[in-house]
Amino acid sequence: MYLYHYFEKTTGPFRNLSDLSVEEAKEVVRRVKEERPGTQCASRHDKYVEYRRNCENILRTEFAKKGGKMDRFVPHYMTVELSPWMTTWFEDGDYLKIPVEEFDLSTLSFTYGDSMPNWGVKDDKEYRGKLYTYEEILKVIEKYGLPQDWNDDGKYGPERYIEVQVWSDETVKKYMNYGGEKI
């Protein structure tokens, strides 16, 4: 299994909006809307930063309940395998492809789909509103497959990929200055 991280080439990988203060994060979102209006990130609503922080509180609480190891207060974000849709999010995008074996698996949590709609959408899908460990997500993948294989266009709901929350900088720091592969 490979984990993918997508980023704007001019910014670089693993620049985490949630590492900033709320005011600084809102300023970054404002600048993206102004400087790169055609990108997915520019379409975020005005309360995105607050919603993201709330979601991260839920993720942190749920991962703690499962005994997850958190060396960071907020996670870095990746996907399980390549998400074609995520490659369209940036004006000049790159991505990193890292084997899951490079990570301490106890520092990874997963949501089947993006974490924000995972907690926000109310339906009867059994994976909705849940956070998984590595071993647990393997069972979910075995049952449902990868969302990008059956829902890359979002026709069947908000789950277009499996989001990975990386709660450590240990592996990430090796890739902070990596250029990735051209999207």
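List of remarks:
- Within the stretch 122-147, restricting attention to residues that are at pLDDT below 95 and open to solvent by less than 50 Å² (accessible area, probe 1.4 Å), the residue that is nearest to Ile58 (Cα to Cα) is Gly129.
- Residues of the stretch 4-31 that are in contact with a Ser or Thr (Cβ under 9 Å, 6 or more places away or on another chain) and either of a type in the set (Phe, Trp, Tyr) or over 16 Å from His76 (Cα atoms) (or both): Tyr4, Tyr6.
- Residue in the stretch 109-120 that is loosely packed, with under 15 Cβ neighbours inside 10 Å and over 17 Å from Ser83 (Cβ atoms) present: yes
- Test result for Asp124, of a type in the set (D, E, K, R) and either in contact (Cβ under 8 Å) with a residue 24 or more places away in the chain or closer than 18 Å to Lys65 by Cβ (or both): no
- Here Phe14 passes the criteria (1) at pLDDT 85 or above; (2) in contact with a strand residue (DSSP E or B) (Cβ under 9 Å, 6 or more places away or on another chain); (3) not in a loop (DSSP other than H, G, I, E, B) except the one numbered (3).
- Scanning the stretch 75-111 for residues that are over 20 Å from Arg60 (Cβ atoms) and among the hydroxyl-bearing types (Ser, Thr, Tyr) yields Ser83, Thr87, Thr88, Tyr95.
- Restricting the stretch 17-47 to residues that are of a type in the set (S, T, N, Q) and not in a loop (DSSP other than H, G, I, E, B), the residue that is modelled with the highest pLDDT: Ser18
- Subset of the stretch 58-75 [assigned to a loop (DSSP other than H, G, I, E, B) and of a type in the set (A, V, I, L, M, F, W, C)]: Met70, Phe73, Val74
- Residues of the stretch 63-96 classified as open to solvent by 60 Å² or more (accessible area, probe 1.4 Å), of a type in the set (Val, Ile, Thr) and in contact with a strand residue (DSSP E or B) (Cβ under 9 Å, 6 or more places away or on another chain), total: 0
- Selection from the stretch 122-163 of residues that are within 17 Å of the chain's Cα centre (by Cα), of a type outside the set (A, V, I, L, M, F, W, C), closer than 16 Å to Thr87 by Cα and not in a helix (DSSP H, G or I): Asp152, Gly154, Glu159, Arg160, Tyr161, Glu163
- Filtered residue count, the stretch 77-121, keeping only those that are outside any helix (DSSP H, G or I), modelled with pLDDT under 85 and more than 15 Å from the chain's Cα centre (by Cα): 4
- Residue check for Ser115: among the small types (Gly, Ala, Ser), in contact with a Cys (Cβ under 8 Å, 6 or more places away or on another chain) and within 27 Å of Asp71 (Cβ to Cβ): yes
The values are calculated or read from the model by the stated rules, or taken from the named source; none is laboratory data. A quick note: this is a predicted structure, and the numbers were derived from the prediction, not measured. Virtual Cβ from ideal backbone geometry, glycine too; neighbours counted across all protein chains shown. The area values use the complete protein model at the heavy-atom level, side chains included, leaving out ligands, DNA and RNA. Shrake-Rupley method; radii C 1.70, N 1.55, O 1.52, S 1.80 Å.
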